[in-house]
Amino acid sequence: MDALQESQLLDSRLCHLTSTAALLFELRTSLQFEVGNAALLVVRGVNSFMWNSPTAQVPLTALTVISSVPDRVNGSFRARFGFFPGAHLEVVGDLAEFFVLAVEGIGDVPPDYSDVDLRHVQDGLPSWCSACIPLQASSSR
């Protein structure tokens with residue numbers, strides 16, 4: 001539990017056609033992972049995806065995981081995340097796959113979010129298009 005503590009959620013995607021959700025994480029700030037600099041959580045057979053965040057506009061900042069709780073509910077996989085600043089995510093589906101990745105060309109530390117140039121920040125982060133090497137994989141099957 002809390003394996004993703006202090007990692008950062010970079011993006012999420014939900015495909016309604018395939019009932020698949022994917023969450024992309026920055027691992028260079030993680031307390032638990034010593035290898036890899038990114039992670040991908042893929043939930044298949046999604047039947048619930050709930051996002052809650054503050055309505056107030058905040059400055060550009062990392063969305064840091066303060067709690068991550070994967071479990072099984074009525075035979076389904078469920079992952080619940082709490083973030084700083086003040087957001088929550090819950091995804092429920094049939095099964096989950098988790099990948100630890102080594103993304104090429106992003107350096108050893110995440111970018112400084114106080115740099116107001118969004119493009120500069122994004123260039124220093126893993127993205128959906130990043131070249132990477134899978135290092136570890138696990139499944140909830």
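Scanning region 104-126 for residues that are farther than 16 Å from L27 by Cα and of a type in the set (D, E, K, R) gives D115, D117, R119. Taking the conditions (1) over 15 Å from the mean Cα position of the chain (by Cα); (2) among the charged types (D, E, K, R); (3) under 14 Å from F98 (Cα atoms) in turn, E34 satisfies each one other than (3).
Filtering region 54-109 to residues that are among the aromatic types (F, W, Y) and either within 16 Å of N37 (Cα to Cα) or within 15 Å of the chain's Cα centre (by Cα) (or both) leaves F81, F83, F84, F98, F99.
FYI, it's all coordinate maths here, none of it is from the lab. Keep in mind that what you see is a predicted model, and the values were worked out from it rather than measured.
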